[in-house]
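**Q** Questions regarding the structure given below will be posed in turn.
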Amino acid sequence: MTSKNEVIFEPMYTPNKQWVKELDRRHMDSTLSSFAAPKNEKRIITLCKPFAVLSKNSYSSPVTLPLGLAYVGGVLDKSGYKVKIIDATGEQDPIKIRRSKDNAYNLQGLTSEEIIKKIDPNTFIFGISLMFSQDWVIHRNLINKIKEKHPNLIIIAGGEHPTAIPEYVLKDCPSIDYIIRGEGEFSMLEFSYNLFNNKSVRNISGLCFIDKEKNTFINNGSSKRIEHIDKLPRPAWHLLNPKNYFNEYFTSGLSRGRNMPILALEYRYFFFDNASF
Ligand code: B12
């Protein structure tokens, strides 16, 4: 217990302190089987981490595998869904870094056109991870291009950026159909199950969308935090190409050859633990 005098900093704006504390107490095995994929389902779920957007003066490049998508993919895979992951930042071999058209950024990895080409035509749901708000304008263009080419895809976004400002993201990019706020594993599983079975997704915890008939923003809050995290399926590294992350392209600072990617961070660190900060 910390006394009041020990509190040296408190955020000025925390929209709802309760949602980050609420736990999803569902057990892993029963949840994975309750929302299992329909038998003989041909349609697939494609998950995507977009290319990295870096300052043109930066000597760093992202050192972390798409951990969030590996977890979400692991849960879907374990429940029997066919999942593909396009890791646009890390799967290119050799990695290429190019300058953005406006000459403001370096972009690392697959181009928008290359990502679009990689989308399997059997994709039913396309999930995209948006981690950094500073990348939004460039990633928004990518999402618009994807929707233009594949208008029937159901596009859902997750990650820290849409978690923090979901209404803005949905209104600024109508190509995104849904957002999942917070931890995506259970919410994405339930969302996929409902869509594959033609059920309503309206009340899924963590889900946000624009109700097009009423033109209103529907916000089901953040996903609850999964209680039984030790029972989560292993991240789906088999759907990614992790070995790329050990080479000299991925470095936080000047490269000195072989590199050590970040795979985990400590459990609680205030700044890093607060998407809306
Ligand atoms: C690791 C980390 C880093 C690493 C690696 C970054 C990288 N490129 O991968 C390092 C140290 C390099 C880093 C750097 C920066 N970081 Co950082 N980082 C983190 C941190 C601590 C953890 C991210 C993580 O791996 N989480 C664990 C995985 C499992 O969770 P996840 O990715 O969020 O995925 C879950 C959900 O979001 C969701 N989800 C994610 N994607 C999807 C997709 C779909 C479809 C669905 C349904 C769900 C879903 O489900 C997943 C599983 O539950 C977060 C804080 C946090 N608590 O998350 C900050 C955070 C992402 N970083 C942040 C910032 C600002 C930065 C920097 C810009 C700082 C700076 N000024 O330089 C740089 C950017 C560097 C870059 N361009 O790569 C901010 C982003 C805020 C924002 N809205 O933009 C955060 C949120 C910290 C904060 N509170 O401010 N960072």
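The values are calculated or read from the model by the stated rules, or taken from the named source; none is laboratory data. Worth saying up front: this structure is predicted, and the values here are computed from it rather than measured. For neighbour counting, all protein chains shown are included, and Cβ atoms are generated from backbone atoms with ideal geometry for every residue, glycine included.
**Q** Which condition breaks for HIS150 when tested against (1) of a type outside the set (Gly, Ala, Ser); (2) out of contact with any Pro (no Cβ under 9 Å at 6 or more places or on another chain); (3) closer than 24 Å to VAL201 by Cβ; (4) surrounded by fewer than 18 Cβ atoms within 10 Å (Cβ to Cβ)?
**A** Among (1) of a type outside the set (Gly, Ala, Ser); (2) out of contact with any Pro (no Cβ under 9 Å at 6 or more places or on another chain); (3) closer than 24 Å to VAL201 by Cβ; (4) surrounded by fewer than 18 Cβ atoms within 10 Å (Cβ to Cβ), HIS150 violates only (2).
**Q** If a residue has to be within 18 Å of the chain's Cα centre (by Cα) and among the hydroxyl-bearing types (Ser, Thr, Tyr) to count, how many in the range 99-149 make the cut?
**A** Number satisfying all stated conditions: 4.
**Q** Anything in the range 200-224 that is polar (S, T, N, Q), surrounded by fewer than 19 Cβ atoms within 10 Å (Cβ to Cβ) and either more than 11 Å from ILE180 (Cα to Cα) or touching a Phe, Trp or Tyr at 6+ places or on another chain (Cβ under 7 Å) (or both)? List them, or say none.
**A** Hits for the range 200-224 are SER200, ASN203, ASN215, THR216.
**Q** Looking only at the range 168-226, which residues are touching a strand residue (DSSP E or B) at 6+ places or on another chain (Cβ under 7 Å), among the aliphatic types (A, V, I, L, M) and more than 21 Å from LYS147 (Cα to Cα)?
**A** The answer is ILE218, ILE226.
**Q** Any idea which of ILE85, ILE143, ILE97 is among the hydrophobic types (A, V, I, L, M, F, W, C), farther than 23 Å from ILE179 by Cβ and within 14 Å of the ligand (Cβ to nearest atom)?
**A** ILE97
**Q** Going by the conditions given, is THR89 under 30 Å from LEU195 (Cα atoms), at pLDDT 95 or above and among the hydroxyl-bearing types (Ser, Thr, Tyr)?
**A** Against the criterion (under 30 Å from LEU195 (Cα atoms), at pLDDT 95 or above and among the hydroxyl-bearing types (Ser, Thr, Tyr)), THR89 does not qualify.
**Q** Give me the residue from the range 166-184 that is charged (D, E, K, R) and buried (at least 18 other Cβ atoms within 10 Å of the Cβ) and, out of that set, farthest from the ligand (Cβ to nearest atom).
**A** In this case the residue turns out to be ASP177.
**Q** Would you pick out the residues in the range 113-155 that are in contact with a Ser or Thr (Cβ under 7 Å, 6 or more places away or on another chain) and of a type in the set (Lys, Arg)?
**A** Result: LYS145, LYS147.
**Q** Taking the options LEU47, LEU69, LEU54, LEU76, name whichever one is within 10 Å of the ligand (Cβ to nearest atom), in contact (Cβ under 8 Å) with a residue 40 or more places away in the chain, more than 30 Å from ASN198 (Cβ to Cβ) and buried (at least 19 other Cβ atoms within 10 Å of the Cβ).
**A** The conditions single out LEU54.
**Q** Let me spell it out: the conditions are (1) in contact with a strand residue (DSSP E or B) (Cβ under 9 Å, 6 or more places away or on another chain); (2) within 9 Å of the ligand (Cβ to nearest atom), and LYS118 meets all of them except one. Which number is the exception?
**A** Unmet condition: (2).
**Q** Within the range 185-239, track down each residue that is touching a residue at least 60 places away in the same chain (Cβ under 8 Å), more than 13 Å from the ligand (Cβ to nearest atom) and not in a helix (DSSP H, G or I).
**A** ASN197, GLY221, GLU227, HIS228
**Q** Also: Name the one entry in GLN134, GLN108 that is within 11 Å of the ligand (Cβ to nearest atom), exposed (fewer than 14 other Cβ atoms within 10 Å of the Cβ) and either closer than 27 Å to PRO38 by Cα or in contact (Cβ under 8 Å) with a residue 40 or more places away in the chain (or both).
**A** Going through GLN134, GLN108 in turn, the sole match is GLN134.
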